[in-house]
Amino acid sequence: MAFEALAVIIGFVVGWIKKGSLLQLSSLRTTAVWLLPIAYVSQALSIHLRNALIYEILISVSYLLLLSFCVINTSLPGVKWAGVGTFLNFLEMACNGLRMPAYVPAVRMVEPGALSLLKTGHAGKSVAMDPHTIMPFLGDIIPIRLPFPSVVSIGDCLFSIGLVLLIVNLMTSNSGDVINA
């Protein structure tokens, strides 16, 4: 989540550098925006509940709602990127017991204190990558040290690119017209 927050900040800074306005963000026209809070609440609940079945249901619902929002709103700039990133993360998790595999050396680089939780399966939706991990290249493999230490996936990067594109495009658009990206 910290990486996505960093993407929002980057979007605001780039939009401001390009002489955009935060007021332009109000020109955003979406369909089914109500899916987003339900998806994020479902994901937050899934991570904090220890019941395996409830976790699986809620995490699946969360990703399906996020993907639905992206499909419905593909005309918005950056949403295709965000949708592909979301899909790749969900694919990786679906192939690995609905948990996101994290590359242990990358975690050790940025959050050594999280290793014990990761290895015991108590690090939110993440688990330690092992030889049985399917498509490990889609897991959390990229260490990010500043300003919020975390390990992110290719899907997280694509999602964040989409978020930056959306914010910059909206901030710099005239009269709410957006350019598809």
* To do: Please find, in a Gaussian network model of the chain (springs between Cα atoms separated by less than 10 Å), the residue of LEU66, LEU158, LEU117 whose mean-square fluctuation is greatest.
  => LEU117
* Give me the angle, in degrees from 0 to 90, between the Cα long axis of helix 2-17 and the longest principal axis of the Cα atoms of the chain, rounded to the nearest 10. => 20
* To do: Considering only SER21, SER150, SER62, give the residue with the highest GNM mean-square fluctuation for the chain, with springs between Cα atoms whenever their separation is below 10 Å.
  => SER21
* Structure fact -> Per GNM of the chain with C-alpha springs under 10 angstrom, the most fluctuating residue out of HIS132, HIS122, HIS48 is HIS132
* Summing -39500 (n - 2.57) over the DSSP H runs of n ≥ 4 in the chain and dividing by its residue number, what mean residue ellipticity at 222 nm do you reach, to the nearest 500 deg cm²/dmol? -> -18000 deg cm²/dmol
* Rounded to the nearest whole Å², what accessible area per residue is found for the stretch 1-146 with the 1.4 Å probe? -> 56
* **Qualifying chymotrypsin sites (Phe, Trp or Tyr not before Pro) in the stretch 2-76, DSSP loop, other Cβ atoms within 10 Å at most 15** => TRP34
* Among the DSSP beta bridges whose two residues both lie in the chain, what percent are antiparallel, rounded to the nearest 5? -> 50
* **the chain, relative contact order in percent, only Cα pairs under 8 angstrom and at least six apart counted** => 33
* Would you mind listing how long the stretch 7-166 runs along its three principal axes, going by Cα atoms, in whole Å with the largest first? => 46, 33, 25
* Asked: Helix 35-48 versus the longest principal axis of the chain: what angle, 0 to 90°, nearest 10, using Cα atoms?
  -> 20
* Take the solvent-accessible surface of the protein heavy atoms, probe 1.4 Å, and return the percent of it on the chain that carbon and sulfur atoms account for. => 71
* Structure fact -> A chain fully extended from GLU56 to ARG29 at 0.36 nm per residue, minus the present Cα-Cα distance, gains in nm 6.5 nm
* Structure fact -> Measuring from the longest principal axis of the C-alpha atoms of the chain, the long axis of helix 52-72 (C-alpha) lies at a number of degrees, nearest 10, equal to 20
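The values are calculated or read from the model by the stated rules, or taken from the named source; none is laboratory data. Only a predicted model underlies this, so the values are computations on that prediction, with no experimental measurement involved. Here the Cβ is made from the backbone with ideal geometry for all residues, glycine too, and neighbour counts use every protein chain on show. Heavy atoms of the whole protein, side chains included, go into the accessibility calculation; ligands, DNA and RNA do not. Shrake-Rupley method; radii C 1.70, N 1.55, O 1.52, S 1.80 Å.
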